[in-house]
Structures are given as structure tokens and as C-alpha cells.
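Colleague: Dropping a structure here in C-alpha cells format, bear with me for questions.
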Amino acid sequence: MNVIYPGSFDPVTNGHLDIIQRCSKKFNKVIVAVLNNNSKSGFFTIEERLEFLRENTKDIENVEVDSFSGLLIDYAKMKNVNIIIKGLRAVSDYENEMQMALANNKLYPELETLFMVSNTRYSFLSSSLVRELSLFGGDVSCLVPKAVEIALKNKFKGA
Ligand code: COA
């Protein structure tokens, strides 16, 4: 069974990597799909986000890193995958996730969204939190991979 784990990954955090690792043990193939939203530029470029993900999943054989634009359901159809994986960190994620899962399922009834409960170590973690901590010189070394930590420092140098 193949699955898609979609997101912005701006940037990838240890919370995302934990989900990817756990999924890779349960499914034949995990396609990590970075949303390329042309109307929103993001903090890191799509290429940077893909590179962080590729570098940090290169030892997991059944993980593919890709980007997509447009609707997730169309990407899932194109990839011939009908399972979406989302991480659930806290109750506050539920409402938004539920809405997306139901909308996607309405438009593409074969598509199921499966939720994986985030590791409690990372249940507070988000990409914007990491960006904010970095902006003010906070230590994010235990929250993101090394390359991301360095890239954040470089981006905020002189900011
Ligand atoms: N560990 C750490 N952080 C996590 C996490 C985890 N396990 N799971 C989610 N997050 C964080 C992300 O870092 C992000 O943080 P931020 O907002 O501080 O940057 C936040 O949760 C939201 O995740 P994100 O991936 O940015 O967005 P999303 O979950 O809302 O959905 C897509 C992303 C790509 C799945 C969704 O926007 C999409 O499908 N877009 C395509 C267009 C489409 O089909 N729209 C219709 C949908 S109904």
C-alpha cells in the first residue's frame, strides 16, 4: 500500500520526520509531497524544502520526495494513491484536519485520510514556531535537522 504525506514543510521539522519514519515501516511507499503554492512564496523556496527532505530521508528506501501544485486529490489520482497521511498533534488540529479530510473525500470518495498521532515529544512543534524561535536567536537544534538549523541561522543573519 502506498501513501501520500502532504504538507508545506516550511521547513521540515523532527516532528515531520518522526511521522515519515513511522509511516515508512507500515506502508510500502511513502510519497512526501510538498505543496507548491504559487500564490504564497513561503519562507524557504520549494527547492530548499525538497532538498532538506531528500537529505534527511535518503536512508529510508521507500520514501519518495516530490512537490505538487493544485488540488491534493488531483495529485493523488495522478500518483494512483488513495491514502493520505496527516499528523495529529493536538485537539486543535482536529477541526481543520477534519474539514480537509471530509472535503477531499467528498470530491474523491476513494480517498481516505489516515491520522497518525504525533510523538508527544513533538506535539507542540510547528514550522512557524521554529522560524520564530530562530528569528530571535532561540536554539532549535533539538527541533529540526542540522541542515535546517544552519539554513535558518543564515537566513536570519543580520535580520
Ligand atoms: N510535526 C510538526 N509539525 C507539524 C506536524 C508534525 N507531525 N504536522 C503538521 N505540522 C505543522 C506544520 O509544520 C505547519 O506548521 P505552520 O503552520 O506553523 O507552518 C502546520 O502544522 C500545518 O501544516 P501544513 O503542512 O502547512 O498545512 P496543512 O496541514 O494545513 O495542509 C496541505 C497542507 C498541502 C495538505 C493542504 O494545504 C492541501 O491539500 N493543499 C492543496 C490544495 C487542496 O487540495 N486544497 C483542498 C483541501 S480540502
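Colleague: Here is a check on your reading of the model: is Ser69 modelled with pLDDT of 95 or more, among the hydroxyl-bearing types (Ser, Thr, Tyr), out of contact with any helix residue (DSSP H, G or I) (no Cβ under 6 Å at 6 or more places or on another chain) and open to solvent by less than 40 Å² (accessible area, probe 1.4 Å)?
Modeller: No; evaluated as a whole, the condition is false for this residue.
Colleague: Is it the case that region 40-53 has a residue that's polar (S, T, N, Q), farther than 19 Å from Asn154 by Cβ and part of a loop (DSSP other than H, G, I, E, B)?
Modeller: No, region 40-53 contains no residue that is polar (S, T, N, Q), farther than 19 Å from Asn154 by Cβ and part of a loop (DSSP other than H, G, I, E, B).
Colleague: At pLDDT 95 or above and either within 16 Å of Asn14 (Cβ to Cβ) or in a strand (DSSP E or B) (or both): does that describe Asp74? I'd like the intermediate steps shown before the answer.
Modeller: Working: at pLDDT 95 or above: yes; either within 16 Å of Asn14 (Cβ to Cβ) or in a strand (DSSP E or B) (or both): no.
So Asp74 fails the test.
Colleague: Step by step: first the residues of region 106-135, then only those that are open to solvent by 50 Å² or more (accessible area, probe 1.4 Å) and either among the basic types (Lys, Arg) or part of a loop (DSSP other than H, G, I, E, B) (or both), then the one that is nearest to Val91 (Cα to Cα). Which residue is that?
Modeller: Phe124
Colleague: Is it the case that some residue within region 85-103 is in contact with a His (Cβ under 9 Å, 6 or more places away or on another chain), of a type outside the set (S, T, N, Q) and outside any helix (DSSP H, G or I)?
Modeller: Scanning region 85-103 turns up at least one residue that is in contact with a His (Cβ under 9 Å, 6 or more places away or on another chain), of a type outside the set (S, T, N, Q) and outside any helix (DSSP H, G or I).
Colleague: Is it true that some residue in region 78-90 is within 10 Å of the ligand (Cβ to nearest atom), open to solvent by 30 Å² or more (accessible area, probe 1.4 Å), on the phi > 0 side of the Ramachandran plot and in contact (Cβ under 8 Å) with a residue 12 or more places away in the chain?
Modeller: no
Colleague: Ok, one more. In region 19-30, what count of residues is obtained for those that are within 13 Å of the ligand (Cβ to nearest atom) and either open to solvent by 40 Å² or more (accessible area, probe 1.4 Å) or more than 25 Å from Ala151 (Cβ to Cβ) (or both)?
Modeller: 2
Colleague: Can we say Phe44 is open to solvent by less than 40 Å² (accessible area, probe 1.4 Å) and more than 9 Å from the ligand (Cβ to nearest atom)?
Modeller: yes
Colleague: Just to be sure before I move on: is Val144 under 17 Å from the mean Cα position of the chain (by Cα), modelled with pLDDT of 95 or more, in a loop (DSSP other than H, G, I, E, B) and more than 8 Å from the ligand (Cβ to nearest atom) in the structure I sent? Show your work before the answer.
Modeller: Values: under 17 Å from the mean Cα position of the chain (by Cα): yes; modelled with pLDDT of 95 or more: yes; in a loop (DSSP other than H, G, I, E, B): yes; more than 8 Å from the ligand (Cβ to nearest atom): yes.
For Val144, the condition - under 17 Å from the mean Cα position of the chain (by Cα), modelled with pLDDT of 95 or more, in a loop (DSSP other than H, G, I, E, B) and more than 8 Å from the ligand (Cβ to nearest atom) - is met.
Colleague: Inside region 91-105, can you point out the residues that are near the ligand (Cβ under 9 Å from one of its atoms) and surrounded by fewer than 13 Cβ atoms within 10 Å (Cβ to Cβ)?
Modeller: Selection gives Asn96, Gln99, Leu102.
Colleague: Considering every residue within region 3-18, establish whether at least one is away from the ligand (no atom under 11 Å from the Cβ) and either over 24 Å from Leu152 (Cβ atoms) or in contact with a Cys (Cβ under 9 Å, 6 or more places away or on another chain) (or both).
Modeller: Going through region 3-18, the residues away from the ligand (no atom under 11 Å from the Cβ) turn out to be 3.
So of that shortlist, the ones also either over 24 Å from Leu152 (Cβ atoms) or in contact with a Cys (Cβ under 9 Å, 6 or more places away or on another chain) (or both) come out as 3.
Yes.
The values are calculated or read from the model by the stated rules, or taken from the named source; none is laboratory data. It should be emphasised that the depicted structure is a prediction, and the values quoted were computed from it without experimental measurement. Every residue, glycine among them, receives a Cβ derived from its backbone with ideal geometry; neighbour counts consider all protein chains shown. Each accessible area value is taken on the protein alone, full model and side chains, heavy atoms only, with ligands, DNA and RNA left out. Shrake-Rupley method; radii C 1.70, N 1.55, O 1.52, S 1.80 Å.
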